[in-house]
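Below you'll find the structure, written out as structure tokens, and then a few comments.
Just so you know, all these numbers are worked out from the coordinates, no wet-lab data involved. Values in this document were obtained by computation on a predicted structure and should not be read as measured data. All Cβ positions, even for glycine, are placed from backbone atoms using ideal geometry, and neighbour counts span all protein chains on display.
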Amino acid sequence: CSTSTSKPVLTLFTKKPCPLCDEAKEVLEPYKRRFILQEVDITLPENSAWYDKYKYDIPVFHLNGKFLMKHRVDIPKFEDRLRKLELQSE
């Protein structure tokens, strides 16, 4: 197991408050060693493009820059995509 492989980046598009986002983060807790969580607050002025795109859909997740899921965490889909990325980086 090499430590030089970079972990996939899971981007969470969120805003405050977001109970669904908090719930999603709890669901992802057991996996957190396998990815880097990056949160993007869509209400910040520099994120206005994301706000326009996702204001009715948060939480929205991108894995390594690609859309993955929205509203709820889809664990089978998340595990599948994460596993594929881990295999690619070996």
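Name the most mobile residue of F61, F13, F35, meaning the one with the largest mean-square fluctuation, in a Gaussian network model of the chain with Cα contacts below 10 Å.
So, out of F61, F13, F35, the one fluctuating most is F35.
Mind listing the Cα extents of the chain along all three principal axes, in Å, largest one first?
Here the spans come out as 40, 24, 17 Å, largest first.
Calculate how steeply helix 75-88 sits against the longest principal axis of the alpha-carbon atoms of the chain, using the helix alpha-carbon long axis, and give the answer as 0 to 90 degrees to the nearest 10.
Around 50 degrees separate the two axes.
At 0.36 nm per residue, and after removing the present C-alpha to C-alpha distance, how many nm does the segment from R34 to D52 gain when stretched out fully?
Stretched out fully, the R34 to D52 stretch lengthens by 3.5 nm.
L20 label point, 7 Å along Cα→Cβ, cut-off 13 Å on backbone N: hits in segment 50-67?
From segment 50-67, the list is 54-61.
Go ahead and set up a Gaussian network model of the chain, Cα springs under 10 Å, then flag whichever of E46, E79, E26 fluctuates most.
E46
Of all DSSP beta bridges located in the chain, what percent are antiparallel, nearest 5?
If we restrict to bridges inside the chain, about 55 percent are antiparallel.
Taking only Cα atoms, what is the 0 to 90° angle, nearest 10, from helix 19-28's long axis to the longest principal axis of the chain?
So the helix axis and the longest Cα principal axis differ by about 0 degrees.
Taking N as the number of residues in segment 41-90, what is its Cα Rg relative to 2.2 N^0.38 Å?
For segment 41-90, the normalised Cα radius of gyration is 1.35.
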